[in-house]
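Participant: Following this message is one structure expressed as structure tokens.
The values are calculated or read from the model by the stated rules, or taken from the named source; none is laboratory data. All values reported here derive from a predicted model rather than from experimental measurement. Cβ: placed from backbone, ideal geometry, glycine included. Neighbour counts: every protein chain shown. Accessible surface is based on the protein model in full, side chains and every heavy atom, while ligands, DNA and RNA are left aside. Shrake-Rupley method; radii C 1.70, N 1.55, O 1.52, S 1.80 Å.
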Amino acid sequence: MNTYDLVVIGGGPAGYVGAIRAAQLGKRVACVEKERAGGTCLNWGCIPTKSLLRNAELFHLMKYRAQEFGFRFDNLSYDWGKVIERSRNVADKNAGGIEYLFKKNKVDYILGEAALERAGVVTLNGKEGQAQKLEATKVLLATGVVSRPLPDLPFNGTTVIGSREAMVLKKQPKSIIIIGAGAIGVEFAYFFNAFGTKVTLVEMLPNILPLEDMEASQVLEKAYAKLGIQVLTNTKVVKAEAGKDGVKISVEGKTTETLEAEVCLVAIGVQPLLPGGAAVKLTSRGYIETDGRYQTSIPGVFAAGDIIGPPLLAHVASYEAIQTVEGMFTKHTPKKVSVFPSCTYCQPQVASVGLTERTAKEKGLKFRVGKFPFSASGKARAVGEVDGFVKIIFGEPQGEVLGAHIVGSEATEMIGELGLAITLEATHEEIEATIHAHPTLSEAVHEATGQAYGVAIHI
Amino acid sequence: MTYIEMPKLSDTMTEGTVVKWSKAVGDSISVGDVLAEIETDKAVMELEAFDEGTLAEIYVNGGGKARIGEKLALLAGMGESAQEKKIDSASPGTQSALDVAKPVLAKSQTTPAKPAHDPVQTVADSSGRVKASPLAKKIAAAGGVDLSRVRGSGPGGRIVAKDLDSPPKEAVHLTATAPTVTIPLALPDGAKRIPLSGMRKIIAERLLASKTQIPHFYLNIEVNAGELLRLRAQFNESLEKAGAGKLTINDFILKAVVAAAAKVPRVNASFAGDAILEYTDVHLSVAVAIDDGLVTPVIRQAQKKSLREISEAVKDLATRARTKKLKPEEYQGGTLTVSNLGSYGIESFSAVINPPQAIILAIGAIVKKPVVNARDEIVPAYRMAIGLSADHRVVDGAIGAEYLAELRRLIENPALMLI
């Protein structure tokens, strides 16, 4: 039997990062992955969708805004197959990169399906069919999640699909109904709409991106209306039927109607993908329960990433895995995720960190808000991206950053500064005292801060 | 040139003892090297280097004491010589560390007044830069807190806002007051004078504060421990077969104390001046006798732990407590305490509350003695005395009684603890 200091089940952003960190600490590590290194993030999530969205942005710019920039395309067209292929190539390259990192760090990368037999023993059904046992002092479960279907509308791979199928559709659908307006639903709505698919986005809650600050959601709703995306908020699916050539979805909201489309993308959430074998204790929502050191109910067996529950984000998963592994092998006391950024890569992008205005109110905190619209930014005008704003929530009386919300073309690249501000407990004074380069979009962070304290120059 | 100062290694620490130096003058030092072992009131901890250089001078030798912030040694940077700093060491701010009272006063007198428009900087102690977040500095400035006396929990000991959160910090509502009457002490021939260790000093301060400021009251019960002994024997027999570690009587009692507290949460609380803080989690402090005193390591979220987990936790904590290897977070933040003197043959006793907690349980030995049963017959039985000391500001007699009734129910029907 092979013996390891750590066996990781799952090769996604929690699994591979945890495995590599343990190897860096001088441990003997194996990472078992049933499909391909990189997990959902790299193969079926973050990375390939960013590739698709880049195509969508460029095509939207050329098709609808060429005149504004003084271009003319007489025979502008696209090759759907190549759009998808580029996205797959990007994912392939990245997955290869992780295998290289495994080699470099001397992590044994094992393709196969693993099950937890008991603390210290992982059974493995290798790709070639041979069963073997791995002995491990510590085990890290990082098996992640999969798309959750609507109760009466099971996935069929053609007309009712999850995000994974949506990014490799062989043929572009003429129409699509997207149920659920979280980050996944909102991003696919932008993507399909840019290429001319008729998109209907259905959300049960009052706003799209319901976890974001309401003002951010509202700006995006307006932008989507302008793009011609039909957005139905406060709307419930009451009946759903899937046929061979399309779907019929009856919804109840402002109006009661039956929507029809070629394809329905169900993006209402995810469900945990538990490893086989010994049962660990679960939370009421079915995720793996862990203690302060990310240990499960079985001593010596740990869990990190999506499988321990929300927030379901790659960067959160990696953080958790590093905390877990350092807690296992060093004197480090693992920390739980507290502040993390959320990003949605439609256009305009939406990015946030910390509290929304709503949650700050619910917590009964005293705060003030600073806001600066990109329409007042020179750089935003120059590049022609004036939608959106920077909004920062400052605690009173000290002026620490409680939360920040950015909507705009490069919002996701700008949120880092405010995450750092929260981590370092910077107050408005430190942001004001920092010279922001001109002309940049990030000047809006400086101006929003000034606006909160009545010292903004450009508004 | 960097001075190495006595760090604040626990919330209650005021001074520390250099147990021994791991480096000698002239040794080159890298970041992270262990320079010395420091004994605090609670534990022996390693003093690590935050800078690199050469150990140029040692001011406090092994066995010597120094107050927090006092200079222990001098670290010379690359290319610096100890001489440059020597001249400086004659100035009033850097007096010998052995002079206990003076340095703090001397420093504050020589601190020049800071400009009024910069409130943030006035909190910085003259002994050097205080590592603190901008938010922490502002909160400290607004509340008049001296940051040099705060221990930072951020990276590299940086003080962050939560380090300044006061409630429910220990000792907030308890200030140790010196006894007003000093009883004269004679030192007869042959008597030994044993200077107080850091730990004894803290025990003296805290327990004096507890007994003089907390209105204690006491409830006592005697429970039938027969069933507990029987169940434990049965468990241990099968555990032995499985090659697993045995369970002690105390493990069962701890489990019962926690389960009863979860059932009667009003005892799992603290008095907070204008409110009572009732805790969701039961963080169980367990009194452990060690060579020169007593520590109370904490089993966190004990209500979520199984009998086996509690058993393992207490074994681990007690072992490390005896070798002084506990980290501060492992003996702070308990919400109730168990003191078990059964193994010393004590049949019953009353314990002093461990502030800011509201109750402490005093567990006696299991004693075989005659009892009158329901049929009026005198029969032998295994009996155990349990004493409860409670803070009357938080817990009234009826609540205390309710808690003990639940505890009795669990100990007399130990199988209930397992479900």
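Participant: Order the following by accessible area, largest value first: A:His436, A:His446, A:His405. Probe radius 1.4 Å; ligands, DNA and RNA are ignored.
Facilitator: Largest to smallest exposure gives the sequence A:His446, A:His436, A:His405.
Participant: Over the protein assembly as shown, with the other protein chains present, what is the accessible area per residue in square angstrom, probe 1.4 angstrom?
Facilitator: Averaged over the residues of the protein assembly as shown, the accessible area is 49 Å².
Participant: Carbon-plus-sulfur fraction of the accessible area of the protein assembly as shown, 1.4 Å probe, in percent?
Facilitator: 54 percent
Participant: Which aspartates and glutamates, on any chain, are close to A:Lys335 with Cα under 12 Å apart, when same-chain ones fewer than 8 places away are left out?
Facilitator: Reachable aspartates and glutamates: A:Asp291, A:Glu320, A:Glu326.
Participant: Could you give me the ³J(HN,Hα) list for region B:383-394, computed from phi with Karplus coefficients 6.51, -1.76, 1.60 and θ = phi - 60°, whole Hz, x at Gly and Pro?
Facilitator: Computed from phi, the couplings for region B:383-394 are 10, 9, 8, 10, x, 10, 10, 10, 7, 5, 5, 10 Hz.
Participant: Continuing with this model, one more query. With a cap of 11 neighbouring Cβ atoms within 10 Å, and only residues DSSP puts in a loop, list the chymotrypsin sites (Phe, Trp or Tyr not before Pro) found in region A:71-164.
Facilitator: Answer in residue order: A:Phe71, A:Phe73.
Participant: Using a Förster distance of 35 angstrom, determine the FRET efficiency expected from the C-beta separation of A:Arg164 and A:Thr434, and round it to 0.05.
Facilitator: Working from the Cβ atoms, E equals 0.25.
Participant: Output ³J(HN,Hα) for region A:65-81: one whole-Hz value per residue in order, computed from phi by the Karplus curve 6.51 cos²θ - 1.76 cosθ + 1.60 with θ = phi - 60°, and x for Gly and Pro.
Facilitator: Karplus-based 3J(HN,Hα) across region A:65-81 equals 10, 4, 4, 4, 9, x, 9, 9, 10, 7, 10, 5, 8, 9, 10, 3, x Hz.
Participant: Under 5 Å between amide H atoms, partner at least 5 residues away or on a different chain: which partners does A:Ser250 have, H built in plane at 1.01 Å?
Facilitator: Here A:Val238, A:Lys239, A:Ala240, A:Glu241, A:Leu259 satisfy the definition.
Participant: Let me ask something additional. How far is the Cα center of region A:326-398 from the Cα center of region B:1-66, in Å?
Facilitator: Answer, in whole Å: 42.
Participant: For an R0 of 22 angstrom, estimate the FRET efficiency from the Cβ-Cβ distance between A:Ala382 and A:Gln67 and round to the nearest 0.05.
Facilitator: Here the calculated transfer efficiency is 0.80.
Participant: Suppose accessible area is computed on protein heavy atoms with a 1.4 Å probe; arrange A:Ile435, B:Ile221 from highest to lowest.
Facilitator: Largest accessible area first, the residues go A:Ile435, B:Ile221.
Participant: Could you tell me which chymotrypsin sites (Phe, Trp or Tyr not before Pro) in region A:262-366 are loop residues by DSSP with no more than 11 other beta carbons within 10 angstrom of their beta carbon?
Facilitator: Counting only loop positions with at most 11 other Cβ atoms within 10 Å, none of the chymotrypsin sites (Phe, Trp or Tyr not before Pro) in region A:262-366 qualifies.
Participant: Limiting things to C-alpha atoms, what are the Rg and the maximum Cα-Cα separation (Dmax) for chain A, in angstroms?
Facilitator: 23.4, 69
Participant: Taking both sides together, what accessible area is buried at the B/A interface, probe 1.4 Å, expressed in Å² and rounded to the nearest 100?
Facilitator: 1000 Å²
Participant: How much accessible surface area, in Å² rounded to 10, belongs to the heavy atoms of B:Glu70 with a 1.4 Å probe?
Facilitator: 10 Å²
Participant: Read phi for every residue in region A:11-18 and hand back ³J(HN,Hα) as whole Hz from Karplus 6.51 cos²θ - 1.76 cosθ + 1.60, θ = phi - 60°, with x for Gly and Pro.
Facilitator: For region A:11-18, the Karplus-derived couplings read x, x, x, 7, x, 6, 5, x Hz, x marking Gly and Pro.
Participant: Residues of region A:395-440 that become at least 30 Å² less accessible with every protein chain present than in their own chain isolated, using 1.4 Å: which are they?
Facilitator: Those are A:Gln398, A:Leu424, A:Glu425, which lose 30 Å² or more relative to the chain on its own.
Participant: What whole number of Å gives the distance from the Cα centroid of region A:172-210 to the Cα centroid of region B:230-292?
Facilitator: So the two Cα centres are separated by 53 Å.
Participant: Here's a follow-up. How big is D for the protein assembly as shown, in µm² s⁻¹ as a whole number, if Stokes-Einstein is applied with the Kirkwood radius of its Cα pairs at 37 °C and 0.692 mPa s?
Facilitator: The estimated diffusion coefficient comes to 103 µm²/s.
Participant: Let me ask something additional. If contacts are Cα pairs under 8 angstrom and at least 6 residues apart, what is the relative contact order of chain A in percent?
Facilitator: 14 percent
Participant: Scattering from the C-alpha atoms of region B:278-319 alone, worked out with Debye: what is log10 I(q)/I(0) at q = 0.27 1/Å?
Facilitator: Rounded to two decimals, the profile gives -0.92.
Participant: Please report the relative contact order for region A:77-196, taking Cα pairs under 8 Å with a sequence separation of at least 6, and give it as a percent rounded to a whole number.
Facilitator: Relative contact order here is 17 percent.
Participant: While we're looking at this one, here's another question. Compute, for A:Ser297, the solvent-accessible surface of its heavy atoms (probe 1.4 Å) with the complete set of protein chains present, and express it in square angstrom to the nearest 10.
Facilitator: Roughly 50 Å² of A:Ser297 is accessible to a 1.4 Å probe.
Participant: Can I ask one more? If I model a spin label as a point 7 Å beyond the Cα along the Cα-Cβ vector, how far apart are those points for B:Glu46 and B:Ile346 in nm?
Facilitator: 3.6 nm
Participant: Quote to one decimal, in nm, the extra length available between A:Ile459 and A:Lys239 on full extension: 0.36 nm per residue of separation minus the C-alpha distance between them.
Facilitator: 74.3 nm
Participant: Now, a different point. Compare B:Leu416, A:Leu141 by solvent-accessible area with a 1.4 Å probe and give them largest first, with all protein chains kept in place.
Facilitator: Of B:Leu416, A:Leu141, the descending order of accessible area is B:Leu416, A:Leu141.
Participant: So which aspartates and glutamates can A:Lys103 reach, going by Cα to Cα under 16 Å and dropping same-chain residues fewer than 8 places off?
Facilitator: Straight-distance partners of A:Lys103: A:Glu33.
Participant: Run the Debye formula on the Cα coordinates of region A:33-112, all scatterers equal and no solvent, and tell me log10 I(q)/I(0) at q = 0.20, 0.23 1/Å.
Facilitator: Summing over Cα pairs of region A:33-112 leads to -0.88, -1.03.
Participant: Also, I was wondering about something else. With heavy atoms of protein chains only and a 1.4 Å probe, what residues of region A:268-309 have at least 10 Å² less accessible area in the full set of chains than alone?
Facilitator: Residues of region A:268-309 that lose at least 10 Å² of accessible area once the other chains are added: A:Ser297, A:Pro299.
Participant: Quick one: give the max-minus-min coordinate of the C-alpha atoms of region A:313-459 along each principal axis, largest first, in Å.
Facilitator: Rounded to whole Å, the extents work out to 51, 34, 29 Å.
Participant: Hey, another quick one. Eigenvalues of the Cα gyration tensor times 5, then square-rooted: what semi-axes does that give for region B:26-69, in whole angstrom, largest first?
Facilitator: Each semi-axis is √(5λ); the values are 20, 13, 8 Å.
Participant: Next up: Only loop residues by DSSP count here, and only those with at most 15 other Cβ atoms within 10 Å; note down the trypsin sites (Lys or Arg not before Pro) in region B:243-303 that meet that.
Facilitator: B:Lys246
Participant: I would also like to ask the following. Show log10 I(q)/I(0) for region A:206-331 at q = 0.15 Å⁻¹, two decimals, from a solvent-free Debye sum over equal Cα scatterers.
Facilitator: -0.89
Participant: Next up: Please report, to one decimal in angstroms, the Kirkwood hydrodynamic radius of region B:1-60 built from all distinct Cα-Cα pairs.
Facilitator: Evaluated on region B:1-60, it is 11.9 Å.
Participant: Under a straight-distance cross-link criterion of Cα-Cα below 17 Å, which lysines are reachable from B:Lys65, leaving out those fewer than 8 residues away in the same chain?
Facilitator: Candidates past the 8-residue exclusion: B:Lys8, B:Lys20, B:Lys42, B:Lys102, B:Lys201.
Participant: Here's another thing I want to ask about it. Just list whichever of A:Lys34/A:Lys104; B:Lys304/B:Lys325; A:Lys222/B:Lys162; A:Lys281/B:Lys263; A:Lys171/A:Lys239 have alpha carbons separated by over 30 Å in the model shown.
Facilitator: Long pairs (Cα-Cα over 30 Å): A:Lys222/B:Lys162.
Participant: Please report the accessible area of B:Arg409 (heavy atoms, 1.4 Å probe, ligands and nucleic acids excluded) in Å², nearest 10.
Facilitator: The accessible area of B:Arg409 comes to roughly 100 Å².
Participant: What is the set of long-range amide H partners of A:Phe340 at a cut-off below 5 Å, with H atoms built 1.01 Å from backbone N?
Facilitator: A:Gly354
Participant: If you don't mind, there's one more thing I want to ask. Just which residues of region B:130-151 lose 20 Å² or more accessible area with every protein chain there, against their chain alone, with the probe set to 1.4 Å?
Facilitator: In region B:130-151, residues shielded by partner chains: B:Pro134, B:Leu135, B:Lys138.
Participant: Let me ask something else. Given an 8 Å cut-off on Cα distances and at least 6 residues of separation, report the relative contact order of region B:286-419 as a percent.
Facilitator: Relative contact order here is 18 percent.
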